[in-house]
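Read through the structure below, which is laid out as structure tokens, and then see the notes.
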Amino acid sequence: MKRKINNKIKADVEMGMRKVTQYLMLVILLGCAACASPESSKNNSSNASLYQKIGQKPAIDNIIDNLVNLIGQDNVVFSHFAQSNVTHFKEKLSIYLCNITDGPCKYNGDTMQDIHKGMHIDTNQFNHFVELFIAAMEASNISYPIQNQLLARLAPLRESIIKM
Amino acid sequence: MIMNKFTSIFYACFFTVFSLNCLAEGKILATPGVSQIEGSGGGGIVPWAQLAGYATEESISASAACSRVTVKDFSLDSCGVQANFYDRIELSYAKQTFEVNPLKLDLKQTIIGAKINLFGDLVYTSLPQISLGIQSKRLKTSDVAFALGAEKDSGTDVYIAASKLHLGFINGYNWLWNITARHTKANQIGLLGFGGANEKAKIQLEASTAILLDRHLAIGVEYRQKPDNLGLGENHWKDIFVAWFPNKHLSVTLAYVDLGSIAAIDKQTGWYLSTMWYL
Ligand code: HEM
């Protein structure tokens, strides 16, 4: 009786492991189907860069205009920008975003570390800035998948911008 | 009764939302997930590495959730509260009432949970977020558990969880995965006590994965291994869910669940509905 139950448990655990493995395979496959295709989503727009998919300079500048307006009304991050030269900031950010989305620009301004040094931007402010950025893209009618692809390039910058 | 609990929590949140507005606004909508049935931040049945609520390193957040699972012969009501301190430590408390329809009785369990974020950030670091958590469980009504052969009416689960959100990963859609390894002796998550004559495999694997269809809507699946200490053919749990996040103060999750066999009564499939409020 006991052995029978033990065997059953063994079978059960094995089956469980098998199921988990199957499940993980599914997850990985799902992921891989995806990782094989994101850049192949270029396929449907024949090798378009993210810069082109966003809508090039006019769209980027439009996002930045919206962003600056939102920052102007924001009480979490505005203090950082109170003394900023808006025209200069817009210009530099436009080139930076053009560059980071594989557009035809070369950003040769200061590094993210150097720019934000001494600002002591905390994680909450950074994350909030990202949300303002999302709202700005939303206001510019950038589609959700394109928004995410741009965010994916900005998110890793956090460690070189915060707590500097 | 449950409705009363709902309404009082609702009012408490409603008023606090207005006075503490924007206390913690630091994560992208939906990314902290919801509250799982044992009260920890996670999916529906699996605790995730992210801590409940929208707090960041500089803020504190509180949240509350109530859920109901109804399967063929059982239902489980669960309400929990969570506090997130600086996105480093999560404390949680949950109360469960498990209705056993064939016996016309209720089993009650309380769970105190704690989780610490060891390193990483779900969204902003390239490595996954890793957290270590415990769930300390006490079964208030233990007669059924002991009658079925459980050894104890309390126990502590310890788990380690890894989660990562990949922005724009699936053709521009955000993809989340979580894997949790749990050390547990709980029978049916503790509702049927802890331990038993057939105690064997102690580390259970759990996994969740989800895709965000837009800023407000996530769909996903979960899987949770469970031990069969009582030798009653306890099955692993799975579900497929859709979660809606209209804003940073509310989420609603609906899932189809397959809980397998419970107390040797098989084919326990049904629905899960959960609402969560965030401050
Ligand atoms: C991924 C996120 C970010 C990117 C890509 C970014 C990029 C830039 C760029 C390209 C500039 C212009 C540099 C120049 O003057 O040459 C700049 C300036 C600045 N950034 Fe950021 N930044 C980011 C996040 C933030 C955050 C979160 C804050 C504060 C909350 C912030 C505050 C500022 C300020 C105050 C300036 C100076 C503006 C001025 O006075 O000219 N940035 N940033």
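Projecting each Cα onto the charge dipole of chain B (Lys/Arg +1, Asp/Glu -1 at the beta carbon, about the Cα centre), which of B:264, B:135, B:147 comes out farthest on the positive side?
Sorting the options by dipole projection puts first B:147.
Where in segment A:113-158 does accessible area fall by at least 40 Å² between the isolated chain and the complete protein assembly, at a 1.4 Å probe radius?
Residues of segment A:113-158 that lose at least 40 Å² of accessible area once the other chains are added: A:123, A:124, A:127, A:131, A:134, A:144, A:145, A:148, A:155, A:158.
Work out, step by step, the length gained on full extension between residue B:140 and residue B:104: first 0.36 nm times the residue separation, then minus their alpha carbon distance; give nm to one decimal.
11.3 nm
If you take each beta carbon of peptide B:112-123 and count the beta carbons of other chains within 10 angstrom, what is the mean?
Taking the mean over all residues of the peptide, I get 1.
Could you give the angle, 0 to 90 degrees to the nearest 10, between helix B:2-19's Cα long axis and the longest principal axis of the Cα atoms of chain B?
Helix B:2-19 sits roughly 20 degrees off the main axis of chain B.
Over segment B:2-273, with every protein chain in place, what whole percent of the accessible area is carbon and sulfur at 1.4 Å, could you tell me?
67 percent
If each of residue A:69 and residue B:250 carries a label point 7 Å out from its Cα toward its Cβ, how far apart are those two points in nm?
Each label point is offset 7 Å from its Cα along the Cβ direction, giving 2.8 nm.
Rounded, prolate or oblate: which fits segment B:135-279, taking a ≥ b ≥ c as square roots of the Cα gyration tensor eigenvalues, rounded meaning a/c under 1.5, else prolate when a/b beats b/c?
The shape class here is prolate.
If you put +1 on each Lys and Arg Cβ and -1 on each Asp and Glu Cβ, how big is the dipole of segment B:2-273 around its Cα centre, in Debye rounded to 20?
180 debye
Would you mind calculating the gained length between residue B:147 and residue B:219 on full extension (0.36 nm times residue separation, minus the Cα-Cα distance), in nm to one decimal?
Between residue B:147 and residue B:219, full extension yields an extra 22.0 nm.
Could you work out how far apart the two model spin labels at residue B:127 and residue B:114 are, taking each label as a point 7 Å from the Cα in the direction of the beta carbon, and quote it in nm?
Distance between the two pseudo-spin positions: 2.3 nm.
Under a Cβ-only charge scheme (Lys and Arg +1, Asp and Glu -1), can you give me the dipole magnitude of segment B:150-216 about the Cα centre, in debye to the nearest 20?
140 debye
Among rounded, prolate and oblate, which fits chain B when a ≥ b ≥ c are the square roots of the eigenvalues of its C-alpha gyration tensor, a/c under 1.5 means rounded, and a/b larger than b/c means prolate?
The shape class here is prolate.
Put simply, what bits of segment B:190-210 lose 50 Å² or more of accessible area when the other protein chains are there, versus the chain on its own (1.4 Å probe)?
Listed by number, the residues meeting the 50 Å² cut-off are B:198, B:200.
Among B:78, B:254, B:122, pick out the residue whose Cα is farthest towards the positive end of the charge dipole of segment B:2-273, where Lys and Arg carry +1 and Asp and Glu carry -1 on C-beta, about the Cα centre.
The one lying farthest along the dipole's positive direction is B:78.
If you take the accessible area of A alone plus B alone and subtract the pair, what total do you get in square angstrom, rounded to 100, with a 1.4 Å probe?
Chain pair A/B: roughly 3600 Å² of buried accessible area.
Given the rule -39500 (n - 2.57) for each run of at least 4 DSSP H residues, summed and divided by the residues of chain B, what is its mean residue ellipticity at 222 nm, to the nearest 500 deg cm²/dmol?
So the helix-based figure for chain B works out to -2500 deg cm²/dmol.
The values are calculated or read from the model by the stated rules, or taken from the named source; none is laboratory data. On a predicted model such as this, the values are computed, not experimentally measured, just so you know. Backbone-built Cβ (ideal geometry, glycine too); neighbour counts: all protein chains shown. For accessibility, only protein heavy atoms count, side chains too; no ligands or nucleic acids. Shrake-Rupley method; radii C 1.70, N 1.55, O 1.52, S 1.80 Å.
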